Amino acid sequence: MPVISVRDLTKVYKMGDYEVRALRGVSLDIEPGEFVAVTGPSGSGKSTFMHITGCLDRPTSGDYILDGRDVSRLSKDDLARVRNQKIGFVFQGFNLLSRTTALDNVELPLLYNGKNGLRTSERHKRALAVLDAVGLGERQHHMPNQLSGGQQQRVAIARALINEPSIILADEPTGNLDTRTSIEVMGIFQRLNIERKITVLLITHEADIAEYGTRLIRFRDGRVVADQPVKHRRDAEDELAALPPPEPDLIPHPDEEHKGADQAS
Amino acid sequence: MSILMTLRIAFKALARNKMRTSLTMLGMIIGVGAVIAMVALGTGAQQVIEEQVKSAGTNLITVMPGSTNAAGVRTGFGSSNRMVPADALAVRDLPLVEYVAEVVNTRSQVIYGAANWNTNIEGTNVDLPMIRSWPVKYGTFFNEEDVRIAAKVCVLGSNVADNLFGEGIDPTGSTIRIRNQIFKVLGVMSSKGAGSGGMNQDDQVFTPYTTVMKKLSRQDNLNRILVSARSADAMDQTAALVTETMRIQHDIPPGGDDDFTVQTLEDMVALRTAAANTMTQLLAGIAGVSLIVGGIGIMNIMLVSVTERTREIGLRLAIGARGSDVLMQFLIEAVVISLVGGATGIALGYGIAEAARVYQQMPALVPVDAVVTAVLFSAGVGIFFGFYPARKAAGLDPIEALRFE
């Protein structure tokens with residue numbers, strides 16, 4: 001059973017007297033465990049597609065079955081609940097709460113999951129587990145401004161994982177990162193995808209980043225114009241091993257950085 | 001999401017911006033502090049007035065001629081002089097009445113040797129020291145025999161004694177002259193200070209009322225009758241009895257207006273505190289304006305905060321917060337600011353009142369109901385001024401909010 005199944009999805013925005021048809025009938029299925037890269041030029045409708053699959057918006061017409069449930073006609077509050085339980089978001093700008101520790105940032109979705117029975121210690125335990133999964137367990141008490149861009153994005157990935165979602169929606173997750181860090185972050189997505197069988201939906205306009213996925217969907221003018229498996233899939237781990245070691249000035253050694261952060265705080 | 005969780009989120013958000021939070025609170029602190037301080041000073045002043053009135057004597061009922069409403073025409077107290085010693089006699093026989101003192105006043109020059117002094121000559125009866133709980137300092141008060149024969153005897157107020165004889169001198173046994181008649185000084189009253197009307201109660205001379213009526217002012221009517229009830233509980237009952245007796249004495253038909261006024265201590269307290277009350281309300285009202293300004297400050301900061309934290313709100317919505325969760329978060333943030341500010345303001349008000357009491361010798365008392373009102377009002381200000389920004393936050397579209405730069 002596909003985790004995402006959309007049929008004849010359309011979305012029309014009204015902008016004054018104009019009508020913008022952002023999606024003009026999109027139908028596709030995404031199976032569990034797939035790593036789908038969605039690309040297309042700006043204005044192609046890929047963002048609108050992401051907003052609808054992310055339950056941030058509702059389609060004008062068409063059906064959207066997420067995890068066997070029709071979510072295309074849900075109320076705002078029900079959509080919020082679906083977002084909390086089924087979807088993990090990773091954004092280009094990380095969107096971490098400032099002056100809030102990595103641990104607290106990761107715990108944030110737990111505060112909205114409706115289960116009031118979850119105790120503080122239990123929340124910490126789960127948050128620490130996902131932070132460990134992205135290799136940042138030691139940085140749990142760091143503030144976002146004490147973390148590098150790549151580390152911040154890993155905290156954001158941990159936050160997306162905490163409610164064990166059906167899919168992870170990553171919207172240009174490497175847009176603010178340099179090449180090496182981008183590869184690191186894509187490596188985490190690949191690892192989570194393989195080890196935890198998490199379905200990843202990656203929105204990007206960079207063709208080379210899209211090649212980390214298993215399947216490539218290309219949008220243009222509100223339609224899917226290409227949907228094919230990735231022929232030469234890139235492996236982030238191999239690439240990282242092949243890269244020269246990081247230049248010390250740019251990325252300090254974790255231990256040194258740790259000390260630096262302690263002094264700064 | 002539970003209210004506890006929302007509280008936790010709101011506290012975390014406020015703690016992230018301590019400087020702004022405390023500055024916003026400052027508006028509430030000053031507003032509530034000003035109101036509490038003003039009310040405390042006003043209440044203190046009222047209490048002083050009450051004490052002054054009560055110093056007139058416990059369980060005191062005053063009967064005055066004239067009515068506030070005679071035949072539809074409102075006249076002042078004492079405008080018709082129809083009270084005679086017989087009225088006092090009738091009142092004296094009432095069961096609930098303990099003491100009665102007839103009062104007649106006149107003003108006159110009093111002379112001792114080369115010294116002279118213009119003062120109030122208070123003609124009264126032997127019950128006066130008991131009614132007013134006012135003992136003599138030197139000598140004795142005049143007795144019933146003095147009243148019966150209209151003896152030319154007097155007891156001086158301490159102020160008069162000081163002025164005629166010098167301070168600290170016991171003039172008992174001396175003679176003074178009032179309107180060219182020789183009066184024997186029987187004693188001096190202890191000092192009582194300012195009375196309910198603000199006049200100095202120590203600046204008068206007491207003589208038997210019969211003496212004043214027959215030998216000084218030559219009048220046959222009384223200015224006042226002072227009545228003391230047997231107990232404070234029986235005040236209203238006693239006042240009613242006195243009124244009934246006076247109506248019979250004056251042959252007033254049923255339905256006719258009283259030609260006298262019966263005033264209990266409570267009436268007097270109410271009358272005197274009314275002015276102080278108005279002043280307190282005025283001051284508290286002005287201070288209340290600063291509370292409103294504080295509230296507007298909260299709204300202002302919350303609006304700025306909502307705009308500044310648009311991305312945060314977008315993120316919260318994206319990861320599963322409902323509109324109502326965001327609304328509650330911002331509402332609680334506003335209420336926490338106003339309540340903590342209000343509580344601090346109450347402490348500040350207490351401090352100001354205490355400082356005024358200690359350093360300025362101003363009477364100050366913080367009433368409990370003012371504190372309760374301040375707390376409720378603070379919460380109200382938070383909810384009222386926090387609602388609009390909170391609703392604005394809750395109404396944000398997550399997609400737009402996440403894109404916000």
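Overview of results
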item: Centroid-to-centroid separation of region A:195-225 and region A:113-156 [C-alpha atoms, Å]; result: 27 Å
item: Distribution of pairwise C-alpha distances over region B:224-362, 10 Å bins, in %; result: 9, 20, 17, 14, 14, 12, 8, 5, 1
item: Mean projection area, nm², convex hull over Cα of the protein assembly as shown; result: 47.8 nm²
item: Span per principal axis, largest first, for the Cα atoms of region B:293-335 (Å); result: 36, 18, 10
item: Dipole-positive endmost among B:Gly157, B:Leu226, B:Asn180 within region B:97-229 (Cβ charges, Cα centre); result: B:Asn180
item: Burial ordering of A:Met186, A:Met143, B:Met38, fewest other beta-carbon atoms within 10 Å first; result: A:Met143, B:Met38, A:Met186
item: Alpha-carbon spread of region B:97-229, three principal axes, descending order, Å; result: 42, 29, 27
item: Ratio Rg/Rh, restricted to region A:98-218 and using Cα atoms, in which Rh is the Kirkwood radius; result: 0.98
item: Dipole-positive endmost among A:Leu111, B:Pro65, A:Val155 within the protein assembly as shown (Cβ charges, Cα centre); result: B:Pro65
item: For A:Asp238, A:Asp57, order by how many other beta-carbon atoms lie within 10 Å, fewest first; result: A:Asp238, A:Asp57
item: Value of [θ]222 nm, deg cm²/dmol, for the protein assembly as shown, DSSP H segments ≥ 4, -39500 (n - 2.57) each, nearest 500; result: -15000 deg cm²/dmol
item: Rounded to 5, the percent of DSSP beta bridges in chain A classed as antiparallel; result: 60 percent
item: Gain in span if fully extended, A:Ala129 to A:Ser148, counting 0.36 nm per residue against the direct Cα distance; result: 4.8 nm
item: Number of partner chain Cβ atoms within 10 Å, mean per residue of B:391-402; result: 2
item: Cβ-Cβ FRET estimate between B:Ile111 and B:Asp369, R0 fixed at 41 Å, reported to 0.05; result: 0.15
item: Packing-based exposure ordering (other Cβ within 10 Å, fewest first) of A:Phe219, B:Phe11, B:Phe330; result: B:Phe11, A:Phe219, B:Phe330
item: Chain B: proportion of alpha-carbon pairs further apart than 32 angstrom, %; result: 56 percent
item: Chain B, dipole about Cα centre (Lys/Arg Cβ +1, Asp/Glu Cβ -1), debye to the nearest 20; result: 1280 debye
item: Local electrostatic count at A:Thr179 - Lys and Arg +1, Asp and Glu -1, tallied over other residues with Cβ under 11 Å; result: -4
item: Test item: B:319-331 mean partner chain Cβ contacts at 10 Å; result: 5
item: Placed amide H near A:Arg220: partners under 5 Å, 5+ positions off or other chain; result: A:Val225
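Laboratory data are not the source of any read-out in this text; all were calculated from the coordinates shown. What you are looking at is a predicted structure, and each value in this text was computed from that prediction instead of being measured. Backbone-built Cβ (ideal geometry, glycine too); neighbour counts: all protein chains shown.
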